[in-house]
Amino acid sequence: MKNRFLILIAILALSSCQNKDNSKNIVKTIVQDTLSKTLGGTADLSEVSEKNNKEVELIRKQLLILLEKDLPAMTKEDRSFYYEAFDLNNDKKEEYFVGFSNSYFCGSGGCSGYILKNDGTVINRFTVTDFPIYVTTSSTEKFYDLIFESGGKFHLLKMKGGKYPSNPSVQEVIKGDIPKESTKVLDIQGKKLEKYSF
């Protein structure tokens, strides 16, 4: 339903930007057709979310393996995650930042999460962090350096031996502002990321 609503908004926005009569008629026809299919439940949205569905299923399967021992103690509400994809090493394959925002994974020091390769294997598990995470433009061992917030301070995490440090709170504190060219990922509160269950 959310995807249908977003498609509807996008189409309406596009139609409002048209200036010419001829293009208005074409856009109007497309809008009417899409609206009727969307409202009637016959719109084909499979192409829009196919990649997303594959990523979500991969992450779900991996979390069920990684958290197998924890599952009996978890409530239904605890079994949810957010994720965002980002190519950390410019290999044209996205890695996945996976974060949690519930009492099972979060405490007074922050929350836990994972960074997964595009095949689902774990690059890192991290603890005591607040979201979002920042991806800088500098790199170490061919992976972008990251900035995590922990304890109200920003910490720089650099790849070492194929892994980032798992506890950001004990890493170098950033002096000054976060570089403007950094990319924000896993902005759970600000970006309205979709929540998934596992």
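The values are calculated or read from the model by the stated rules, or taken from the named source; none is laboratory data. Note that the structure is predicted; figures quoted are calculated from it, not measured. Positions of Cβ are generated from backbone atoms using ideal geometry, with glycine treated the same way; all protein chains shown enter the neighbour counts. Surface accessibility is based on the protein's heavy atoms, side chains included, excluding ligands, DNA and RNA. Shrake-Rupley method; radii C 1.70, N 1.55, O 1.52, S 1.80 Å.
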Within the stretch 123-139, residues being open to solvent by 50 Å² or more (accessible area, probe 1.4 Å) and in contact with a Phe, Trp or Tyr (Cβ under 9 Å, 6 or more places away or on another chain) number 4
Residue count, the stretch 103-132, condition within 15 Å of E172 (Cα to Cα) and under 16 Å from the mean Cα position of the chain (by Cα), comes to 1
Here the residues within the stretch 173-192 that are open to solvent by 40 Å² or more (accessible area, probe 1.4 Å) and within 18 Å of the chain's Cα centre (by Cα) are T183, K184, Q189, G190, K191, K192
Of those in the stretch 100-114 that are among the polar types (S, T, N, Q) and open to solvent by 30 Å² or more (accessible area, probe 1.4 Å), the residue farthest from E149 (Cα to Cα) is S103
Scanning the stretch 74-99 for residues that are in contact with a Ser or Thr (Cβ under 6 Å, 6 or more places away or on another chain) and closer than 12 Å to L193 by Cβ gives S80
Of the residues in the stretch 140-165 that are open to solvent by less than 40 Å² (accessible area, probe 1.4 Å) and hydrophobic (A, V, I, L, M, F, W, C), the one that is nearest to I188 (Cα to Cα) is F148
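Listed here are the residues, each with its yes/no results for (1) in contact (Cβ under 8 Å) with a residue 24 or more places away in the chain; (2) polar (S, T, N, Q); (3) closer than 22 Å to E194 by Cβ; (4) in a strand (DSSP E or B).
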| site | (1), (2), (3), (4) |
| --- | --- |
| R60 | yes, no, yes, no |
| P72 | no, no, no, no |
| C111 | no, no, yes, yes |
| V128 | yes, no, no, yes |
| T136 | yes, yes, no, yes |
If we ask which residues in the stretch 70-89 are at pLDDT below 95 and closer than 21 Å to V185 by Cα, their number turns out to be 0
Note to self: Would you confirm, using the coordinates I've provided, whether V170 is of a type in the set (A, V, I, L, M), more than 17 Å from the chain's Cα centre (by Cα) and either open to solvent by 10 Å² or more (accessible area, probe 1.4 Å) or modelled with pLDDT of 95 or more (or both)?
What the structure shows: yes
Of the residues in the stretch 80-99 that are touching a Lys or Arg at 6+ places or on another chain (Cβ under 7 Å) and open to solvent by 20 Å² or more (accessible area, probe 1.4 Å), the one that is farthest from N118 (Cα to Cα) is Y82
Can we say G151 is among the small types (G, A, S), in contact (Cβ under 8 Å) with a residue 40 or more places away in the chain and within 20 Å of L66 (Cα to Cα)? no
